[in-house]
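Engineer: One structure, pasted below without further comment.
The values are calculated or read from the model by the stated rules, or taken from the named source; none is laboratory data. The shown structure was predicted, so the numbers you read here are calculated from the model rather than taken from an experiment. When we count neighbours, we look across all protein chains shown, and the Cβ atoms used for this are built from the backbone with ideal geometry, even at glycine.
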């Protein structure tokens, strides 16, 4: 999927709306002067944006070895700093309702938690190692029949090794084949 499609699936915007970014300049005039603007196919209209989505910070705990998300840690109501830059004008703001709305978990956080749970399930199941196909086993059997244990000769054989697999690759495949077939 493209970047825009992934962001849209997560409920994020890749471009700023005109109300956020300011008026759009078209041929030397601003959009507020009544010049009809071309419809941008990637523009995000307010109807597509969730009403409850507000920027929010959470901590994500990851597995140090694999980097997978283990859990999403939401800050307590006491830990939330509503004025991280210590802006004195922010204390005078009348937007107390917005601050209360930001404390509720939004859909993106719940999606992150669901993703962490899915990754934990996948990690618990652990995929089995790749098995050799019957066609690959036939190919290795023909190489072993023709060349014995000479991996170098196997890698140079143009008829039996048309894809010119390397010595190391053939050696790994022969080792796996011998473990299965003795």
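Engineer: Pairs needed: first member in segment 127-156, crowded, with 16+ Cβ neighbours inside 10 Å; second member anywhere, assigned to a loop (DSSP other than H, G, I, E, B); C-beta distance under 6 Å; at least 6 residues apart or different chains.
Structural biologist: 143/160
Engineer: Of all residues in segment 166-182, how many are assigned to a helix (DSSP H, G or I) and touching a helix residue (DSSP H, G or I) at 6+ places or on another chain (Cβ under 7 Å)? Steps first, answer last, please.
Structural biologist: The initial filter retains those residues of segment 166-182 that are assigned to a helix (DSSP H, G or I), namely 167-181.
From what is left, the residues that are touching a helix residue (DSSP H, G or I) at 6+ places or on another chain (Cβ under 7 Å) are 167, 170-171, 173-174, 177.
So the count comes out to 6.
Engineer: On to the next question. Report yes if residue 153 is in contact with a strand residue (DSSP E or B) (Cβ under 6 Å, 6 or more places away or on another chain) and at pLDDT 85 or above, otherwise no.
Structural biologist: Values: in contact with a strand residue (DSSP E or B) (Cβ under 6 Å, 6 or more places away or on another chain): no; at pLDDT 85 or above: yes.
Criteria not met by residue 153.
Engineer: Same structure, new question: Across segment 116-165, what is the total count of residues that are assigned to a loop (DSSP other than H, G, I, E, B) and closer than 30 Å to residue 65 by Cα?
Structural biologist: Filtering segment 116-165 for residues assigned to a loop (DSSP other than H, G, I, E, B) gives 126-133, 148-150, 157-165.
Of the ones still in play, those that are also closer than 30 Å to residue 65 by Cα are 126-132.
Total satisfying the criteria: 7.
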